[in-house]
Each structure stands twice: as structure tokens, then as C-alpha cells.
1. Can you give the angle from 0 to 90° between the axis of helix A:360-379 and the longest principal axis of chain A, with both taken from C-alpha atoms, to the nearest 10?
2. Note down the Stokes-Einstein diffusion coefficient of the range A:41-187 in µm²/s, whole number, using a Kirkwood radius over alpha carbon pairs, 25 °C, and 0.890 mPa s.
3. For the B and A pair, go ahead and give the buried accessible area with a 1.4 Å probe, both sides summed, in Å² to 100.
4. Using a 1.4 angstrom probe on protein heavy atoms only, which residues from the range A:334-365 are buried by at least 40 Å² of accessible area when all chains are present rather than their own chain alone?
5. Using just the C-alpha positions of the range A:244-349 as equal point scatterers, what log10 of I(q)/I(0) does the Debye formula give at each q in 0.09, 0.13, 0.18, 0.22 1/Å?
6. Across the Cα atoms of the range A:115-249, what radius of gyration and what greatest pairwise Cα-Cα distance (Dmax) are found, in Å?
7. From the gyration tensor of the Cα coordinates in the range B:1-79, what semi-axes in whole Å does the equivalent ellipsoid have, largest first, with each one equal to sqrt(5λ)?
8. Summing +1 for each Lys or Arg and -1 for each Asp or Glu, what net charge is found among the other residues whose Cβ lies under 14 Å from the Cβ of residue B:15?
Amino acid sequence: MKRVYLDNAATTYCSSEVINEMMPAFSTIYGNSNSMHSFGRDASAIVDRARDRVAKAIGAKSNEVYFTSGGSEANNWAIKGVAKANCNKGKHIITSKIEHDSVLESCRALEAEGFEVTYLDVDESGLVSLADLMHHIRKDTILISIMTVNNEVGTIQNIKAIAKTAHESGIIFHTDAVQAIGAVKIDVDDMDIDLLSMSAHKIYGPKGAGALYIRNGIKCLDLLDGGNQERKRRAGTVNVPAVAGFGRAIETACRDIIVNQQKIKTIRDYFLKQITEKVQYIRINGHQYQKVQGIINIGFEMVDAESLLMMLDLEGIAVSMGSACTAGVAEKSHVLKAMNVPEEFLKGSLRFSFGKNISKDDVDYAISKIVEIVARLRSISPITKTGRAK
Amino acid sequence: MYSHKIFEIFKNPSNAGGLQGSNGIGKYVDEICGDFVKIYLKIDDEQTITEARFKTMGSVGTIVASSAVCSLVVDSSLAEAQELTAEDILQVTGEYPVDKMYSLDFAIRGLNLAIADYYQRIEKDDKPKRKKSEDKKLKDKKVKQEPIIQPTQDEIEDELNVIEREEEAIESVEVVEATKEYIKEEVIAENKEQESFDFFEDEEEQNEQVDENEDRTQDLSLDELQEEESQEYLDEDDLEYDEFGDPYTERREVAEKEQALDPVDLFLRGGDSGLEIHNLSSSDRISITTTTEETINIKATRMVEESKTFSPVIETKIISDEEMKKLSAGKKEEKSESKVSKAKAMFDAMFEE
């Protein structure tokens, strides 16, 4: 049984370059980067080198990058820190309905503390409308947070325009670029971004490392109090091996954006062509061209996503779905719901995401199994295309 | 999450599929989850279940539970089947994760609804059966011909009043050639939809349904007949979501209708309410005659903006108020002459095709 991994948007394997970079930090240079002795200073050098690499990859200065434990912590820090530091100017925050859960839950927590949050609607392809944003900007708006690339459908937002709109009104702009690194060229000066969240494990780096970029001069309160690590902004011993891996991964990813995207694009186009030919009654959710190459979200009619996912898993193929149904409470994917995907496709939507190690044989195997399984599930499904029960 | 045993059943569920000649069909759709369970039962005269099948669209737990319910219920009496509980299913499938226990309820409800359906059918069997000669006619499976009832003068005038009101709302906008054919096409399309319906699954059902309706058709007028036909299509065994509304077919029908409508007509009907058009192309010609320049600019620019692909060719003409009155008076004269002939043509077209 062949094992095919089509869930690279959830996490990726660590590439060998990254592992080689991480190995010394485990047993050779193992000091605490905050210590004053030579063991600590050597570890601190590794962290600084990684920090330089991260800063260079996004076009920032090294003293503006702070390492965290991942993208979720960076999102929490950015939103809660900026909101609480600027609450004297106002208490209104604007975000979108298709954000990652860490952003949405942080906003809900702030709502409980007296802040007001507007969740912007998106159109059918997942894009936030500038006109809508401008309409909701008020005098007491202090933060706008819109993700660069959506993790479920892969749509790329018009970040430059949104950031410009925000700065015209003097509002701080934060973006969650966890899925965007390695897929889209990011330059914080060119795009005029104030805060940016990053994560290592989506770009062939280790889990447990991420970073938040905070432009110099932006007021942002700290999330974790304690020691004076990370220039006294984020307490906690720095995860030296993971951070070293992160630095190497982001350097490689930004160096190889074009090559990787090209390779993934050819494979993905092949996959799309095969699946549209062989499987009927499907819908590709998301934007047609303004999206990253690696993510496809397909809705299958007359089929349930969970049973399809489990059947594919029994054949060795790993995919993911956005919705979950636990304890009788159906949490349909909030992203697809905000995009007004028709109901018959909401229940049967799966996300396929490709990595740079995907091969044509894997895709052929996956397609053959998808065709077989969808046909089998549709044969025991009581719904037909004409809308009448069989 | 799920145990190994559940996955084994899930790979190859037993009793999957439909059942020809079933007496009891139960459909259950959950509002929250959207899982759909349909259970077919074949019950003999001694009230024992001889065969049971299922068709499910749902999660792993629901499919496995439906399969287990069918295998438990075969060769048992109706009374025993009605007392089936979730624990009985768990003995067949093994433990379920706590979060997914609700899917056992879906399968049991499907079963109970199938048994209820069987009891309902027994009640209908008491009515006298049809003759065999009439059965042969039904085997052709065509839609029965409606008695053609010519409309009375009052009904014609009512229809024309509606047309007049619509045309007044349009005011001074004319469309070249589009609306003339649109009415005909819409009526033809509606009739085609009705003709292509195949709503008889089994011969038994066929007989029963026609049984009910034929006795009543003689005394109904055209409107009531049309209402009744549409109600026939809402019979239990034909639609999926009989209890909870019909999202799939409704949405599809609405979408098909919108696609079939002429985009220009959509705009005209909406007047100034701001309906969107998407499919105007450069081959559409629209002429606007108004009395002020402002309305031209507003309407023309809005149509160009809303066309989104090509800008249609728009001819504009500004006339004085007096000329406008003459124009509209002229139109009304034309209308009064061809009123009756228009209506007759419409009704003839409906029944010809």
C-alpha cells in the first residue's frame, strides 16, 4: 500500500538541510542562549544568525524580529499586544471572517474585555473587498488584521492595497503570513506591513518555532512576562535547535520560491485536469488564479467529507477537511461558509495540499483511489444529481 | 478515534444499496449535521422483516450504524425491531467514541420511520384496486393529458392587467426583440420541466398514486389542477427533504431559472432597484428614450458598470414631454387592439408544445 501525503498545508517534513543545521544545537552547542558564559554565547550566536536570516527573508531589520513558539503565539501576541497598548486611542479592531482560529479567538477574548471587533465578509473566491474595509474604518479603529494567504483555499489577499488603506487612516496593520512564506515574495517595507506572523513547520522546518516581526516604533505590549530573553519582549528560553532550523528553512524557502512554485504548479495542474475529467459533480472552491500553487480545495457533491477522508486514509492517502462534527455539533468550515459555498458542496469539501517532494506516481495513485472511493460512496448515497431520492 | 472493528465494517459495509419491492422506506435527515439515512425494509404478511438495506450519506459512524441496524433487524418481527436501542448496535460494532454517539440515533430513527411508512401503506391497501386495462395505459409512463379549459374573458383581462402593470413599471425603456421571445420561451421551458418528470418508482406506487388523484380531477378548475400537479411532485417517496424543506432542488431550480432568464429583462424588471446583470455582451442593443439627460447618464453608466464583461451598445434619445405622452398613448392603443389576440396566442402556445 503506497503512502501519499497530501496535507502539506497542515505541516511538512523537515528537509535534510534543516536537520543538518539543527543537529549541532542538540548536543554540541547546547547552552542556554541567555547565559553569560561561552556555552551560552555560542548558542546565542546561532540564534542571532537565524534571526538575521529571518529578517533578510522578509526585508526587515534584525532587531525587529522576535522568536516565538509558532504562528499561533505570534498571532495572539500581535493582536492582544497592539490592542492593549493602544486602547487609549480607541477600541475597534477589524479582521475578516476567514482568519485562522488563533486570530478569531484572540479577537473574541478581546471582545469580552470591552473591545469591539468587526469581522469583514469575503466574496465567493475568498477576497476581502477594499470598499468594505474602507466603509468599516472608524475614528477609533486601532488595528486591522488580514491574513496574506488563507490556509483552507489558498487565496492571496491584496495586502499592499489593504496596508496602504490602513496607513492612510493611521491604523496599525498586522498580517498572518504563516502560509504565505515560501509561496509569495514578502517585503515588509514594500508592502508597508507593521506586524507579521511566521511559522517554521509549513516551510520544511521544525515544529515549535515561529516569529513575530514588529516594526520599530509600533506600540505593542508583551504577552509573556518573565526573563529578559528576546530583548525583554518575550520571556522563555529560546528553542535554539528549532530556531536554527527555522532560519535555514526560511532562507531556503525564499531562495527557492520560483523553482518550488513552478514544480508544484505543474503537478497541481495535472492533478486538477485528471480529477475534473474523471470525477463528476465537483467544485473547486477559491480563487481561480490569485492563489498559492500548493493548495486545492475541492467540494464533492453527494458525498460526506469525513467518510471520504477516512476511506482515503485506509488506502494510505492523507488529506484534510475544514469541517468537523463532534458531539452533534456540526462545525462547518467557517472559511467555506463565509465564502457562501453552496450547501451541497459544504459537506463534501476536502483540501489537497502539495509539497515539493510530490511525484507524478503519487498523484496517479491518489487520483485512481479518489475515483474509486467517490464512486463507491455515491453508490450508497441516497441523493442523486437530479435531486430526487433513488 | 474510531476502533479497528468500526473501520473493518466501514471498508465493506453489508446491506448497502437499494431494495426493489420494499414495503417500508424511512428517510431521516439531521438538521445540524446534514447526515442522511435511508432505510429500505421488506416485510412479509406475518409482520417479519425479510430484507433490509440502507443508503447513507454521512460520516463513518453513521454508515457503520446504518449497516449494523440493517443486519440486526433482518429476520426479526416488527415488534422487536421497534425496540432496537443504541446499545444493541454497540454490541455489533464495538465501542464508539463519545463524540460520535449521536450517529447511532440517526440510524435508529431511519428504521422507525421505515416501520411507520409500512404501517401507513397498509392503511392505503384497504382501498379497491384498479382494473388491469387501465394499468396498461400507465405503463407508457407519459404524463396524463390535462383537460384543456379555455380561459374566460375575465381571466384574460386579469392576465393583461398584470402585463400592463409590468409595462408601466418599465416606463420608457424598450428592448429590441428580447421580451417578445422571452415570454414564449419561459412558458415552453416550464412545460418541458413538467413533462420530463418521472415520479413512479414501482408499479405498486404507480397504481396507488394515480388511484388517489383520478377521482378528484373532474371537478377542479385549471388553477387547482396546476396546484395539485405541483403537490403530486411533493410526494414523500420522491423528494429527499420532505420534512425539513428541500434545499437542493429549490436552489437548483432557482439557479436554472435565473440562468434561463434574459439578463436584460432582469434589469428591466428590477427598474431602479439595482439588480445585477452579468451576461450583457456587445451584441445586446438597448435603446433608452427619456425626457431628461440625467436619467440617461445614470442608467447608461450603471448598465455599463454592471455588465462586467462588455459594454452593450446603448442608443439614447432625448425627447420632450409632449412627445413622450404621444408615444405612451400610442402604445396603449396598440395594446388595446391586440389584447385578446395576444392572450390567445399565449395560451395556445402553452398547450401546443
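The values are calculated or read from the model by the stated rules, or taken from the named source; none is laboratory data. All of these numbers come straight from a predicted model, not from anything done at the bench. FYI the Cβ positions are ideal-geometry reconstructions off the backbone, even for glycines, and counts take in every protein chain you see. What goes into the accessible areas is simple: the full protein's heavy atoms, side chains included, and nothing from ligands, DNA or RNA. Shrake-Rupley method; radii C 1.70, N 1.55, O 1.52, S 1.80 Å.
1. Around 50 degrees separate the two axes.
2. Values: Rh = 16.2 Å.
So the translational diffusion coefficient is about 152 µm²/s.
3. Working: alone 23220 and 17330 Å², together 37520 Å².
Chain pair B/A: roughly 3000 Å² of buried accessible area.
4. Relative to the lone chain, where solvent access is computed with a 1.4 Å probe, the range A:334-365 loses at least 40 Å² at A:343, A:344, A:347.
5. Taken in order of the listed q values, log10 I(q)/I(0) reads -0.31, -0.62, -1.02, -1.24.
6. Calculated on Cα positions, Rg and Dmax stand at 16.2, 47 Å.
7. Values: eigenvalues 107, 45, 20 Å².
They are 23, 15, 10 Å, listed from largest to smallest.
8. On the way: positive: B:38, B:42, B:53, B:55; negative: B:51, B:75.
Net local charge, residue B:15 excluded: +2.
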